[in-house]
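Peer 1: Dropping a structure here in structure tokens format, bear with me for questions.
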Amino acid sequence: PNITINKSSGTLNMSGTISVSGNWTWQNGSNFNPNTSTLKFIGDIYSSFTPGSVNYYNIEVAKSSYFYNDLTLTGPITITNNLIISGAGHNNWLILNATSSVQNLIISASNLSINSGSLNISGDITITSTSTGGGGSGTINIIGTGDQNFASAGGALPNITINKSSGTLNMSGT
């Protein structure tokens, strides 16, 4: 189902894994406690994610269509832990319409394209996909001030910029 949040007072607390097979739209409300929850986009349709001005803990894109698994992020987002992209389809697209901030990026989806916008990564990047399809026109910015790890199994990636003011970047691949 589609989920729309329009909460003008009180607090929305999330826990566990919340699965969304349609769109997630945050319209109103600033009192949000994601705890250690995961907002998980599933199903086999195109979805949009309007995150609002709140932070999320984990976001997982685990779409299941064989052909196209698209998630369009309609605004900037801050993910304080993991962005996990694990779709099983033939073409997996993450379409960014703004710059977003993510602690850790984990990609196991095949043929992933990150299009438009950019992801600022302040933690580790782990890519287990070996698919040579995908890549995309977006940018992954590695910006953490502490030590970071970038481990890739060789899958296609979008543009990457390393812009660390301090700390070490450990890169490994197969």
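The values are calculated or read from the model by the stated rules, or taken from the named source; none is laboratory data. None of these values were measured; they are calculated from a predicted model. Positions of Cβ are backbone-derived with ideal geometry, glycine not excepted, and every protein chain shown enters the neighbour counts. With ligands, DNA and RNA removed, areas are computed over all heavy atoms of the protein, side chains included. Shrake-Rupley method; radii C 1.70, N 1.55, O 1.52, S 1.80 Å.
Peer 1: On the protein heavy atoms, probe 1.4 angstrom, tell me the percent of accessible surface of the chain carried by carbon and sulfur.
Peer 2: Details: 3640 of 7800 Å².
Ligands and nucleic acids excluded, carbon and sulfur give 47 percent.
Peer 1: Using a basic spin-label model with each label point 7 Å from the Cα along Cα→Cβ, how many nm lie between T99 and N159?
Peer 2: 1.2 nm
Peer 1: Need the list of lysines near K40 for cross-linking: C-alpha distance under 24 angstrom, and skip anything on the same chain fewer than eight residues off.
Peer 2: Result set, ordered by chain and number: K7, K63.
Peer 1: Then there is this: Once you place label points 7 Å from the Cα toward the Cβ at D44 and S64, how far apart are they in nm?
Peer 2: 0.9 nm
Peer 1: Would you work out the relative contact order for the range 97-174, in percent, from Cα pairs under 8 angstrom that are 6 or more residues apart? Intermediate results must be reported in sequence, preceding the final value.
Peer 2: Details: 222 pairs, mean separation 22.5, N = 78.
RCO, the range 97-174: 29 percent.
Peer 1: Per residue, what accessible area does the chain have, given a 1.4 Å probe and all protein chains present, in Å²? It would help to have the intermediate numbers written out before the result.
Peer 2: Values: 7800 Å² over 174 residues.
Each residue of the chain exposes 45 Å² on average to a 1.4 Å probe.
Peer 1: Show me the ranking of peptides 144-154, 35-45, 109-119, 53-63 by mean Cβ neighbours inside 10 Å, starting with the highest.
Peer 2: By packing density, highest mean first, the sequence is 109-119, 53-63, 35-45, 144-154.
Peer 1: Related question: Report the extension gain between N28 and S53 in nm, rounded to one decimal, defined as 0.36 nm multiplied by the number of residues separating them, less their alpha carbon distance. Numbers along the way, then the final one.
Peer 2: Details: separation 25, 0.36 × 25 = 9.00 nm, distance 0.89 nm.
Stretched out fully, the N28 to S53 stretch lengthens by 8.1 nm.
Peer 1: I've got another one for you. Go through W26, W93 and list them by solvent-accessible area, largest first, probe radius 1.4 Å.
Peer 2: Details: W26 15, W93 90 Å².
Descending accessible area places them as W93, W26.
Peer 1: List the relative contact order of the chain as a percent without decimals, with contacts defined as Cα pairs under 8 Å and 6+ residues apart. Please report the intermediate quantities before stating the final value.
Peer 2: On the way: 571 pairs, mean separation 22.3, N = 174.
Taking the mean separation of contacting Cα pairs over the length of the chain, I get 13 percent.
Peer 1: Two decimals, Cα atoms only, Kirkwood Rh: what is Rg/Rh over the range 45-174? Please report the intermediate quantities before stating the final value.
Peer 2: Details: Rg = 13.6 Å, Rh = 14.5 Å.
Taking Rh as the inverse mean 1/r over Cα pairs, Rg/Rh reads 0.94.
Peer 1: I want to verify a result. In a Gaussian network model of the chain, Cα cutoff 10 Å, which of these has the top mean-square fluctuation: T132, T50, T80?
Peer 2: The residue that fluctuates most here is T132.
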